[in-house]
Every structure is written in structure tokens, then in C-alpha cells.
Amino acid sequence: MRGIRFIPENSNVNFIGMRWGAFVLSSLLMAMSIFVLMQKGLNMGIDFTGGMVVEIRTPVIPDLEEMRSQLNDLDLGSVSIQEFGNADDLLIRLSEQVAPEGWVSAEYKDYNSFVIAMLQDKINNIFEGGEVDYRRIEFVGPQVGGELKLKGLYAVLFSLLGIMTYIWFRFEWQFGVAAIVALAHDAMATLGLFAFIQMEFNLSTVAAILMIAGYSINDTVVVFDRIREDLRKYKKKPFPEVFNMSINRTLSRTLMTSLTTLLALIALYIFGGEVIRGFVDALIFGILVGTYSSIFVASPVLMMMNVKRSTVRDASAAA
């Protein structure tokens with residue numbers, strides 16, 4: 001019994017013929033991402049900037065402007081309040097708190113504990129007569145934030161370098177360069193999205209970018225493996241025909257893998273809550289861009305690098 005096929009078995013879409021349009025689209029996407037990153041920058045979370053985050057559930061839907069005004073009376077610097085999913089779920093951010101010179105307390109172990117107690121007293125007074133649920137309180141020092149930012153950058157750079165090295169040994173250097181171009185395309189597009197919508201960029205977002213890189217390279221390797229096999233098999237066919245044949249033969253696998261992954265991510269988006277929303281948003285966008293880049297970026301770039309059939313390694317020898 002044959003299963004349902006969403007992509008015809010003998011599909012013959014001219015993906016290589018559409019490469020110039022895809023290159024224009026990708027170039028515009030990259031230019032827009034760089035422009036938005038330079039103009040707006042990333043909305044760094046406290047993982048990277050340092051500070052304090054308090055998540056609360058209020059007994060009634062609050063007036064955010066009035067609440068912000070009352071919290072600013074505490075003179076704690078910039079206080080940010082935003083809805084965190086529901087209207088009665090709030091995320092309160094405070095910048096790094098520095099103890100005044102000579103501050104000493106026998107009741108509180110440090111100045112941050114004093115600030116939290118003062119903030120809680122103020123919030124309880126605002127909602128007098130109702131119980132406020134303090135769901136999360138986090139502190140990150142500025143030094144730790146700087147270290148995390150640097151380590152996050154290293155993680156992305158070293159992962160890209162490791163991927164390029166693997167592809168180089170698995171195939172040839174042209175394959176490695178084409179794969180890195182596609183990965184850089186996916187990472188830059190995701191960063192541009194976060195800069196445009198100003199969603200919080202934190203450690204979970206860095207983890208999402210690394211997962212996008214892993215997913216995208218897995219997809220690209222499947223296509224590259226078929227391209228290498230077909231280059232050795234069809235020695236007389238022109239490159240565009242061979243590349244189109246290879247992409248079409250892996251198209252069903254590529255699209256079905258992306259679809260099943262997206263189904264799981266959509267479930268997380270609906271039921272996962274706001275805490276992992278940035279992580280899920282990055283993955284959903286990254287899966288879509290990664291699927292596009294493995295077809296319209298990686299393969300055409302590889303073809304333009306004029307990989308020689310005589311240097312393409314046999315699959316069993318490479319393994």
C-alpha cells in the first residue's frame with residue numbers, strides 16, 4: 001500500500017533557473033536585516049545586560065501607566081512593565097541596582113534583596129486587598145551579563161567553524177563554503193527579525209540560533225549528498241540539470257521534515273507560554289528560512305563555485 005505523497009514523485013521544478021530571483025530576495029533580506037540591526041539593535045535581555053526581572057500575576061487587570069508611575073517613585077532607575085501573555089501577567093524589569101555609598105543593613109543580605117522587598121511592598125500597596133502572585137525573580141550582574149554575551153558569540157562562531165570543517169572533510173571545500181553562506185544567511189535573517197520586532201534577545205534565543213544552524217545544515221547535507229552522487233553518476237549532463245534533479249529528488253523529504261517540525265513548534269507556540277515564546281518564534285522563523293536557504297541559496301552557490309566532477313569524492317570513500 002502506497003502512502004500519501006504531497007510532492008509528485010517525478011517533480012521537475014526548475015529551482016536553479018529561479019536562483020537569480022532568489023539571490024535578489026536574499027540580498028534584500030540581508031540588507032534589511034543589517035539596516036534594522038544598525039538602526040534599532042537587539043533588545044538584549046538581562047542575560048546580557050544585567051539587571052533584575054520580576055514576573056507577577058495580579059489579582060485584577062492593572063492600569064500599566066499608573067502602575068509605572070508609582071513604581072518610578074521608588075527612584076530605582078528605568079522601570080519597564082509589559083504584559084506577559086495575559087493582561088494580568090506582568091513582567092517588570094529594572095536596570096542594574098548599585099547600593100549607595102555606605103549602605104549597610106542587618107535585615108537584608110545584599111542591596112538587591114532590599115530592592116526586591118521595597119518593590120514587593122509597593123506592588124502590594126498598589127493592589128491592596130488582592131493577593132499578588134510573584135512567579136519569578138531573577139538577578140544577573142553586569143559582569144556575568146558581559147561574559148554570557150561573549151560566550152554566546154563564541155558559541156555561534158565556533159559552531160559555524162565546526163560545521164564548515166565537517167562539510168569540508170565530508171565533501172569538498174566548495175561544499176563547506178556554500179553551507180556556511182546558507183547558515184550565515186539564516187542567522188542574519190533571524191537576528192534581523194528580532195531587531196525588527198524588538199523581541200527580547202537572550203540565551204534561549206542564542207540556543208535557538210544554534211538549533212537553526214543544526215537543522216539547516218542537516219537539510220543541506222542531504223541535498224549535497226544527492227548532488228555529489230548525481231555528479232558522479234551523470235558525467236555528461238550539464239550542471240543545472242544535475243542540480244535540479246538532485247533538489248527535486250530530495251524535495252519531498254525536505255518539505256515533510258520541515259512540516260513535521262513546524263507542527264511540534266506550533267504546539268509549543270500555543271501551549272508553551274510566554275517564557276519560551278522567543279525561543280519558539282526564532283525556531284519557527286529559522287525552520288522556514290533554513291528550508292528556503294538549503295534549496296535556493298546553498299545549492300545555487302555551490303553550482304556557481306564550479307565544483308569539478310573529478311574532485312567529487314565517492315560517498316563510501318568519504319564515509
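Each reported figure results from applying straightforward, stated rules to the coordinates on display, with no laboratory input. Just so it is clear, the model here is predicted, and its values are computed rather than measured. FYI the Cβ positions are ideal-geometry reconstructions off the backbone, even for glycines, and counts take in every protein chain you see.
Taking the Cα centre of the chain as origin and charging only Cβ (+1 Lys, Arg; -1 Asp, Glu), how large is the dipole, in debye to the nearest 20?
Magnitude of the dipole: close to 3020 debye.
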Span per principal axis, largest first, for the Cα atoms of the stretch 51-140 (Å) = 40, 24, 22
proj_area_mean for the chain (convex hull on C-alpha atoms), units nm², value 22.2 nm²
Taking the convex hull of Cα positions in the stretch 87-180, its mean projected area over all directions (nm²) = 11.0 nm²
How high is the relative contact order of the chain, in percent, counting Cα pairs under 8 Å that sit 6 or more residues apart?
-> 26 percent
Angle between the chain longest axis and helix 111-126 axis [Cα atoms, degrees, rounded to 10] = 80 degrees
Could you give P(r) for the stretch 174-272, binned at 10 Å from zero, as whole percent values over all Cα-Cα pairs?
-> 13, 35, 31, 15, 5, 0
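Ranked highest first by average number of other Cβ atoms within 10 Å, how do 93-105, 173-185 line up?
Descending packing order for the listed peptides: 173-185, 93-105.
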For Ser294, Ser26, Ser159, order by how many other beta-carbon atoms lie within 10 Å, fewest first = Ser159, Ser26, Ser294
Express the Stokes-Einstein translational diffusion coefficient of the stretch 214-313 in µm² s⁻¹, to the nearest whole number, given a Kirkwood radius over alpha-carbon pairs, 37 °C and a viscosity of 0.692 mPa s.
-> 221 µm²/s
For Lys109, list the aspartates and glutamates whose Cα falls under 15 Å from its own Cα; do not include residues on the same chain fewer than 8 positions away.
-> none
With unit charges on the beta carbon (Lys/Arg positive, Asp/Glu negative), name the residue among Ile163, Gly176, Ser113 whose Cα is farthest towards the positive pole of the charge dipole of the chain.
-> Gly176
When the chain is fully extended, how far beyond the present Cα-Cα distance does Asp75 get from Val222, taking 0.36 nm per residue of separation?
-> 47.2 nm
